[in-house]
Amino acid sequence: MYKTMIAKAGARELLGMDTSLIYGSFSYVMEGELMDLTGLWISNEDVFIFYLENEDVYLLKKFAYEDIELLEQKVSIISMTKKLILHLKNSEKYTLLVANGEAKVFAAKVNERIKKGV
């Protein structure tokens, strides 16, 4: 599923030369309903993206770095996996339980881009 999702993101031209990405599960409200999703968080030079595409769900949500406060890295004690928490300036938060990817490297790259965007 991970490689398929990356291939689909590439076909939609969401991946660039300086793209960082990470794969995992996160909750997101779609059509007024909170859904548990598994997809990519993509960090490009100019935009941060939530991306998921399968037979049931299509999600493409973009965030400007100017609207992001911080991407925090923690460890989930319950699942014993790394998690990333995206803090938006409007007080919204999104949490990704990392299934595939380097959380520390991804978070560092995103936070560097956030600083540039401010």
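The values are calculated or read from the model by the stated rules, or taken from the named source; none is laboratory data. In this text the structure is predicted, and so the values were computed from the model without any measurement. Every residue, glycine as well, gets a Cβ built from its backbone with ideal geometry; the counts of neighbours run over all protein chains shown. Note: areas computed on protein heavy atoms with side chains; ligands, DNA, RNA excluded. Shrake-Rupley method; radii C 1.70, N 1.55, O 1.52, S 1.80 Å.
The figure for residue 25 is an accessible area of roughly 40 square angstrom, using a 1.4 Å probe on the protein chains alone. With the gyration tensor restricted to C-alpha atoms of the chain, the semi-axes of the equivalent ellipsoid amount to 19, 17, 15 Å, longest first.
When the alpha carbon coordinates of the range 70-118 are projected onto the principal axes, the ranges are 34, 23, 13 Å, largest first.
Calculated accessible area for the chain comes out at 59 Å² per residue, all protein chains present (probe 1.4 Å; ligands, DNA, RNA ignored).
Enumerate the lysines that residue 82 could reach by cross-link, defined here as Cα to Cα under 22 Å, with residues fewer than 8 away along the same chain left out. Counting by Cα, and skipping residues close in sequence, residue 82 has these lysines nearby: 3, 74, 93, 104, 109. Given R0 = 22 Å, the distance between the Cβ atoms of residue 90 and residue 60 translates into a calculated FRET efficiency of 0.65. In this Cβ point-charge picture (+1 for Lys and Arg, -1 for Asp and Glu), the chain has a dipole of about 460 debye about its Cα centre.
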